[in-house]
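The values are calculated or read from the model by the stated rules, or taken from the named source; none is laboratory data. Keep in mind that what you see is a predicted model, and the values were worked out from it rather than measured. Neighbour counts run over all protein chains shown; Cβ positions are idealised from the backbone, glycine included. Just the protein is used for accessible areas: all its heavy atoms, side chains included, with ligands, DNA and RNA removed. Shrake-Rupley method; radii C 1.70, N 1.55, O 1.52, S 1.80 Å.
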Amino acid sequence: MPEQHDGTPPATAAARPGRRRLLRAGLGAGGALAAGRLLPGGRAWAAGTPTPAPAPTATGTRAARTADPATAQTWPDWARYARIADGTFNEPADMQGYIDTLKAQNVSVIELDTLLSNWLTDAEFAAHMADVKTFTGLAHAAGLKVVMYYPSLELISPGGEKGRSFYKNDQGGSWVQRDLTGKPNVFYGSVVVWVDPGDESVWLSPNSPWRDYYLRRIKGVAATGVDGIWPDVPIYFDGVLTWCDASSWGAAAFRADTGLALPTAADWTDPVFRRYVEWRHHNLLGFQLDIAAAGRSVNPDLVTFVETVSMDYRYATGIGLDGGYLRTAEGAVSQVWEVDILGNYDGMRHATATDWTCLISMYKYARAASGAKPAWAFSYGWQADDASLVLSQLIATGCNPYEVKTPFKNDTVDGAMRARMYRFVQVNQQKLYDPAPAARVGVYHSSPSRDYVSPGEGNGMYANATAPAGIADWWGGDDPQMSCTTLPWLGEFRGTVKALVYAHVPFDTVPSPGLSAADLARFAVLLLPNLQAVSDAEAAVLRGFAAGGGTIVITGPAPTALDELGGRRSEFALADVLGLRLADPLPTSSRNTYGNGTCWYVRALPGLSYLSSTDQASADQLLAPVRQSAPPAVTLAGDRRIFLDARRLGGDTVVHLVNFTNFDDTPADFRTTPADCTLSYALPAGAAVTAVTVASPDGTDPAPRPVPYTVTGGTVSVPLTVVQYSVVTVTVTVG
C-alpha cells in the first residue's frame, strides 16, 4: 500500500521614458529600416578589393581574455539575488521619493537611468555625477544598491536635427560607425521610439577614439560610489544601416586582428565577409571587457551588467553582439538580457503556445549564456496578469527579474504585482538562485550555425509573425519570413526546445562559444539541432563527450559539414562519431556506437516539423534517445503546456512549474486557468522523503508550505494545482 502523508514534515525533518526599445517590426530583420531621414552622403572609406583567402581557423583578436567559470570572480550576494527596477530623478528633491517607492515594491537594485543618453559637455557630466553620488548615498542608506545605466555606443543630441549635434559639431563625424559602402550610422527622430522627433542619434565606433572617451566617463561614474555599471547594447546598430563597422577605425582593427582588408559587400560566398561576421562578435567582446576593467580600476568591487538585446535567435548575426562570448570572461561582468515580447502594446496577451516555448527558449539561453554568473533579464508586461506570468517564467529559469511595462523601461506594469512577485523572490532567493543544475539533457546552441546556415531575411524571435486582429505594433510586422518556422537552423533548435518542454523533460541550453569538456560533464544526452558549422576544437570536445559514454543526437542534411566560419569542409568534422562520410549518400536515420557512447542521426529536421505542426512522430525522433539514455528523475502527469525545470540544493530537489495552458495554437484572449497535475520523483537508492513543500507568488503568502504526498515503492507523487507558478521542494535523506 502507498504511504500516505498529509504534508506535515516528519519529526526528523529539519519617471522619464527609457530609451532601450527596439521596433520589432523593422529592426534585426536582415535589413535596415527605410530611413528617409538619414543624413545623406558621408565619405566612403576607400579600400581596395580584398584578395579572397581561406577562412582562417584561428580567431586571433585582442579581445580573447577569458577564464574558466570555476575560477571567475565571486559575485556579491546582492547581485546574485537582485530584484531590479528602473529609477531616476528630475531634481535632487525627487530622489528620496523615488527610492522610497521602489523599496516599498521590494526592489533591491535600482537601475539608475538619467541623462547619460545625451550629449553632455565635460562640465555637465561632472555636475550630473555629483547628483548621482547624492542619489547613491540615499539609496545605500535605504539598503538598496545602484547600477548606473549608460549607453555604450549611441549618443543622442536633443534638437540635433536642426541645431548643434555631436555628429555635426563635435567628434561624431569622425568617430561614427559606417557600413560597407561608407555611409555613416546616424539618423534623426521617429525612426525608433527612444529618439524623439528633432533629435539626432549617432552610433559610434568602438574602434575609434570614442572608446577612450567613453572609458574615461565610465571611470567618472565609478567614482560616484555606484555599485555597478549597466552599459547599454554595445552593438553595430542595424536600424538604418547594416554591417557596420567599416569605418577607417574598424578597417584598421579588422586588419590588425585578421591580416585582411575589409570586404566591400555582404556576400555570404566570400570567406572574407564571413570572417568579418565572426570578427564583429570578438570585437564587441573586447569593448565590453574594457568597460568592466575601466570601472574596476576605480572601484575593485564594481560589477558590470551589459544590456544584451540579442538572444538565441538571429539578431546577433546582424548587430555583432553574441551574448555567449561573454560567458567565460574574466571579472565581474555579465549581462542584462533584453528578452522581448510579442506586442509593444499587448505584451504576451495574444501569444500562441509555440510562442510561449520561444519565450522559454530565450530565457533558458540567457541563463546558460551567462554561465556561472548572475543572469539579469527584462520581464516585459502589459497588464498585471500577463506580466506576472512572464515574470514567473523568467524566475523559473534562474534569471533575476527586471520588471517593466512595455514598450519602455521606466515604470512597472503594476506596483502591487511587482511587490508581490519580488517578495516571493526575496523570501525564496536561496532556493531560486543557489541550486545546481539537475538536467541531464543539453540542447546545443551553435553560434556559427546560427550565423552561416541559410543566411537571409528574418530574425525568428517568435513563431507567429502576424498580428492578431486589432493588435498594433506586433514584433513581426506581419512579415511571415520573420517567423522562426521559416529558418532552418533556428527552427530546428526552437522545435527541439518545444519537444522537451511539451514532454516535461528538464534540459539546459549549451552555448557554443568557449565550449569545454567541463560544460558537458553533467549531461547524459546532448541534442545538436541542425549542427552544420563547427570548429575543430568544438568537434574535439563533442567527440570526447561521445567517447566517454555520452549520447549525441544530431539532425539535419549536412551534419558538421562546415567549419566555424561557414567554409565547406572536405569531410564531416564528426564523421567518425556519425559513422558517415560526406561523399556517401546520407541515410534517413542511423545509430552509431562511438567509444562508450552513441550517436543518433536524423537527416530531416524533426524539430522544425514539430515547431510548425506539433506532430508527435517528429518529437519522438528527438525524445527516443532521451528516454533511453537519460530518463528524467522528475516527471509530470498533466497538460503538456506546463513548463517543468528541476535543480538540486543539497538534499533538496527543487522543481519549477509554470502554467501556460491558457495558450493554444492560435492567438486568443488572455486568461489564467489553474491546471491540475501530479509531480513524481524517483528517489535515489536508499533515500527517504522527509518533506515536500510548495511555494508560489500567486497568493498572499510566498513562504513554502507543506503539501500532501504519497510514496509508492521508490517514487514520491505530489498532486498539485498550479495557478501560474509553483516551486516544489522534495527533501530526502539517504541512509
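Points to keep in mind about this one:
- Between amide H atoms placed 1.01 Å from N, distances below 5 Å from T551 occur with V525, L526, T598, all of them 5 or more places distant or on a separate chain.
- Shape class of the stretch 599-735 from the alpha-carbon gyration tensor: oblate, with a/c at 1.5 or above and b/c at least as large as a/b.
- Size of electric dipole in the stretch 597-735: Cβ of Lys, Arg +1 and of Asp, Glu -1, about Cα centre, debye, nearest 20: 420 debye
- A simple count of charges around Y610, restricted to other residues whose Cβ falls under 13 Å of its Cβ and scoring Lys, Arg +1 and Asp, Glu -1, yields -1.
- Here, the stretch 277-424 has an Rg and a Dmax of 15.9, 48 Å when only alpha carbons are counted.
- Sorted largest first, extent of the stretch 458-585 alpha carbons per principal axis (Å): 55, 33, 28
- With K and R counted +1 and D and E -1, the other residues having a Cβ less than 10 Å from that of D346 yield a net charge of -1.
- Per-residue ³J(HN,Hα) for the stretch 264-273, Karplus 6.51 cos²θ - 1.76 cosθ + 1.60, θ = phi - 60°, Hz, x for Gly and Pro: 9, 7, 7, 9, 5, 7, 8, x, 5, 5
- Summed over qualifying helices (DSSP H, 4 residues or more, each -39500 (n - 2.57)) and divided by its residue number, the chain shows a 222 nm mean residue ellipticity of -8500 deg cm²/dmol.
- For the stretch 111-176: Kirkwood Rh in Å [reciprocal of mean 1/r, alpha carbons]: 13.5 Å
- Cut-off under 5 Å, modelled amide H: who pairs with V336 long-range: V306, E307, T308
- Placing unit charges on the Cβ atoms only, positive for Lys and Arg and negative for Asp and Glu, gives the chain a dipole magnitude near 960 debye about its Cα centre.
- By average C-beta atoms within 10 angstrom, highest first, the peptides 311-324, 703-716, 138-151: 311-324, 138-151, 703-716
- Local electrostatic count, K145, Cβ distance below 13 Å [Lys/Arg +1, Asp/Glu -1]: -1
- Evaluating 6.51 cos²θ - 1.76 cosθ + 1.60 at θ = phi - 60° for every residue in the stretch 702-714, the Karplus couplings come out as x, 6, x, 10, x, 9, x, 7, 10, 10, 10, x, x Hz, glycine and proline recorded as x.
- Computed Rg/Rh of the stretch 147-268, alpha carbon atoms with Kirkwood Rh: 1.00
- Unsatisfied cross-links (Cα-Cα over 22 Å) in the set K219/K409; K133/K219; K373/K405; K145/K364; K103/K373; K103/K145: K219/K409; K373/K405; K145/K364; K103/K373
- Rounded accessible area per residue of the stretch 411-543, 1.4 Å, Å²: 27 Å²
- Gyration tensor verdict on the stretch 363-451 (Cα atoms; rounded if a/c is under 1.5, prolate if a/b is larger than b/c, oblate otherwise): oblate
- Farthest positive-ward along the chain dipole, Cα basis, beta-carbon charges - from L302, L605, T352: L302
- Gyration tensor verdict on the chain (Cα atoms; rounded if a/c is under 1.5, prolate if a/b is larger than b/c, oblate otherwise): oblate
- With every protein chain in place, the stretch 216-285: carbon and sulfur % of accessible area (1.4 Å): 52 percent
- Sequence-distant lysines (8 or more away, or on other chains) whose Cα lies within less than 19 Å of K168: K183
- Distance between the stretch 126-164 and the stretch 686-735 - C-alpha centres, whole angstrom: 45 Å
- Ordering of 491-503, 89-101 by packing [mean C-beta count within 10 Å, highest first]: 491-503, 89-101
- Solvent-accessible surface of the stretch 231-352, taken per residue with a 1.4 Å probe and all protein chains present: 19 Å².
- Taking the stretch 570-713 and dividing mean pair separation by its residue count, relative contact order in percent (alpha carbons under 8 Å, at least six apart): 12 percent
- 3J(HN,Hα) couplings calculated from phi for the stretch 175-183 with the Karplus curve 6.51 cos²θ - 1.76 cosθ + 1.60 (θ = phi - 60°) are, in sequence order, 9, 5, 5, 9, 7, 5, 9, x, 6 Hz; Gly and Pro show x.
- Residues whose amide H lies under 5 Å from that of A691, counting only those 5 or more places away or on a different chain, are T731; hydrogens are built 1.01 Å from N in the peptide plane.
- Look at the alpha carbon pairs under 8 Å that are at least 6 residues apart: their mean separation over the length of the stretch 290-404 gives a relative contact order of 25 percent.
- Heavy-atom surface analysis with a 1.4 Å probe gives the stretch 109-195 a carbon and sulfur content of 53 percent of its accessible area.
- Ranking Y315, L342, W376 by how far each Cα lies toward the positive end of the dipole of the stretch 305-430 (charges on Cβ) leaves W376 at the top.
- Peptides 388-398, 421-431 ranked from most to least packed give 388-398, 421-431, packing being the mean of other C-beta atoms within 10 angstrom over each peptide's residues.
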